[in-house]
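The values are calculated or read from the model by the stated rules, or taken from the named source; none is laboratory data. Since the model is a prediction, treat every value here as computed from it, not as a measurement. Note that each Cβ is placed from the backbone with ideal geometry, even for glycine, and that neighbours are counted across all protein chains shown. Heavy atoms of the whole protein, side chains included, go into the accessibility calculation; ligands, DNA and RNA do not. Shrake-Rupley method; radii C 1.70, N 1.55, O 1.52, S 1.80 Å.
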Amino acid sequence: MTTSDAPRGDTLAPDRRADLLGMTFDELRDWLVGQGEPAYRAQQLAEAIYHRLAPAFDQMSALPAALRERLDTLATIASPQVRALVASKDGRTRKLLLALRDGRLIETVLMLYPASPEGRARATICVSTQAGCAYGCTFCATGQMGFERHLTAGEIVAQVLYFARELRERPWTAPDGQPIDRVTNLVFMGMGEPLHNYDNTLKALRILNMPEGLRIGARHMTVSTVGLVPGILRLAEEPLQVNLAISLHAPNNEMRARTMPVTRKYPIEQVLDAVRTYVEHTGRQVTFEYVLLSGVNDADEHARELGRLLAPLRQLGHVNLIPVNQTAAGYQPPSGERIRAFRELLRIEGVTSSVRAERGDDIAAACGQLRTRETRLQSASSARA
Ligand code: SAH
Ligand code: SF4
């Protein structure tokens, strides 16, 4: 085949095409105008991408054929390549292993919740913000990989769009419930530290929130952080007020530093000061995540100490207890009885708590676990070959 016969899409290296998923609506419009298109095409294009959920330009029938062809050569809205898709036995947790353009692997999880007395049915996506992570928490499979790179805003948005398309095509019906055909909630709790990749994460939040986008409300988004103080303070100033979750996981600095090296840089007192500022600016409740590691941080004295630490925040602080998902590090989750005792001691100190329901354990659902498992399987099979 001569060069002129080659499909035009192949003449540009993929990384030179504009990633439309990483653009806010204003950027999309400016980009189209820069290509000589009328500004009103931006509305049509955004509508095709985010409302009709077209997976490719050639399926955007509202756009003229000539523009569809040009977009194909100049731009992309592609999902990363799916390396593995696994569903839990009950079908309510679905996990993707995705390969980015440079071959880096990330994970994205869809969690489906039936309606309950507390609220309507939900489809929550757990999104990755980085490949790997720099913070090295000892219980976290991603932390053991080290940092690879930040994801672009487009790579973050693409994860959500993948499941948005899937739910549109095959809505999920909860037992005795309404079918759910759209993404309702986002948690930034996949691979990586969102506030280490602050700009791209915030841009992705804005794109996912915008009226021309998927219109996911800021109140339905939660950013989870290992406790990066400057990032928390910046987030407090943002007009888009998302929910904040702090990964605390220990009631004092000495214990926390053993499992979370970041503690040496940002001690608990500084993190709590930043949280207070966040609460003052936003008036919103902050969640403190506490991964329970049997025999490490789950004793009565730890519950009391945690309760005393957080009680001054009153109703603006809430603890989410997470029995650890087992990884190569060998930590064990405590018994149900231990968890109940821990909660009761928090309650006595005046701190509310909930226990995160274990989900998708049969598919290695904690962040970084699927990639670790797949990589191990691959190296085992190549060692056999
Ligand atoms: N880097 C951010 C967000 C990603 S991790 C953060 O640390 O908050 C999302 C949550 O999963 C964090 O609370 C993290 O501590 C928790 N987590 C990590 N490994 C886990 C494991 N093996 N079992 C249960 N939760 C885990
Ligand atoms: Fe990174 Fe969060 Fe895992 Fe810690 S828990 S290593 S910050 S992803």
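I'm told Val262 meets every condition in (1) within 14 Å of ligand 2 (Cβ to nearest atom); (2) in contact with a strand residue (DSSP E or B) (Cβ under 6 Å, 6 or more places away or on another chain) except one. Can you identify the failing condition by its number?
Result: Val262 passes all but (2).
Quick check on the range 188-215: of everything there that is of a type in the set (A, V, I, L, M) and either open to solvent by 10 Å² or more (accessible area, probe 1.4 Å) or more than 13 Å from the chain's Cα centre (by Cα) (or both), which residue is farthest from ligand 1 (Cβ to nearest atom)?
It comes out as Met210.
Taking the range 21-38 as the region of interest, how many residues are farther than 13 Å from Lys203 by Cα and out of contact with any helix residue (DSSP H, G or I) (no Cβ under 6 Å at 6 or more places or on another chain)?
Counting residues in the range 21-38 that are farther than 13 Å from Lys203 by Cα and out of contact with any helix residue (DSSP H, G or I) (no Cβ under 6 Å at 6 or more places or on another chain) gives 8.
The rows are residues; the columns are (1) within 11 Å of ligand 2 (Cβ to nearest atom); (2) in a strand (DSSP E or B).
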| site | (1), (2) |
| --- | --- |
| Asp102 | no, no |
| Met111 | no, yes |
| Ile125 | no, yes |
| Ala141 | yes, no |
| Glu148 | no, yes |
| Glu155 | no, no |
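May I ask you to list the residues in the range 216-235 that are outside any loop (DSSP other than H, G, I, E, B), buried (at least 19 other Cβ atoms within 10 Å of the Cβ) and away from ligand 2 (no atom under 16 Å from the Cβ)?
Within the range 216-235, just Met221 meets the criteria.
Answer with yes or no whether Val183 is within 16 Å of ligand 2 (Cβ to nearest atom) and not aromatic (Phe, Trp, Tyr).
no
From the set of residues in the range 71-97 that are within 25 Å of Pro179 (Cα to Cα) and assigned to a loop (DSSP other than H, G, I, E, B), which is most open to solvent (accessible area, probe 1.4 Å)?
Lys89
Name every residue in the range 45-70 that is surrounded by 17 or more Cβ atoms within 10 Å (Cβ to Cβ) and small (Gly, Ala, Ser), in order of residue number.
Ala46, Ala48, Ala54
Take the conditions in the same structural domain as Leu346 (by TED's automatic domain parsing), of a type outside the set (A, V, I, L, M, F, W, C) and within 21 Å of Thr222 (Cα to Cα) and apply them to Thr277. Does it pass?
Numbers: in the same structural domain as Leu346 (by TED's automatic domain parsing): yes; of a type outside the set (A, V, I, L, M, F, W, C): yes; within 21 Å of Thr222 (Cα to Cα): yes.
So Thr277 fits the description; yes.
Can you find, within the range 222-236, the residue that is nearest to His281 (Cα to Cα) among those that are within 13 Å of ligand 1 (Cβ to nearest atom) and touching a helix residue (DSSP H, G or I) at 6+ places or on another chain (Cβ under 6 Å)?
Out of the qualifying residues, it is Ile232.
For (1) modelled with pLDDT of 95 or more; (2) closer than 27 Å to Glu193 by Cβ, each residue gets a yes or a no:
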site	(1), (2)
Asp273	yes, yes
Gln315	no, no
Ile348	yes, no
Ala365	no, yes
Arg376	no, yes
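Return the residues of the range 237-251 that are at negative phi, part of a loop (DSSP other than H, G, I, E, B) and either near ligand 1 (Cβ under 9 Å from one of its atoms) or β-branched (Val, Ile, Thr) (or both); say none if nothing qualifies.
Val242, Leu248, listed by residue number.
Test Gly227 against the criterion of being at positive phi and in contact with a Gly (Cβ under 9 Å, 6 or more places away or on another chain), and give yes or no.
Considered against the rule, which asks whether it is at positive phi and in contact with a Gly (Cβ under 9 Å, 6 or more places away or on another chain), Gly227 comes out as no.
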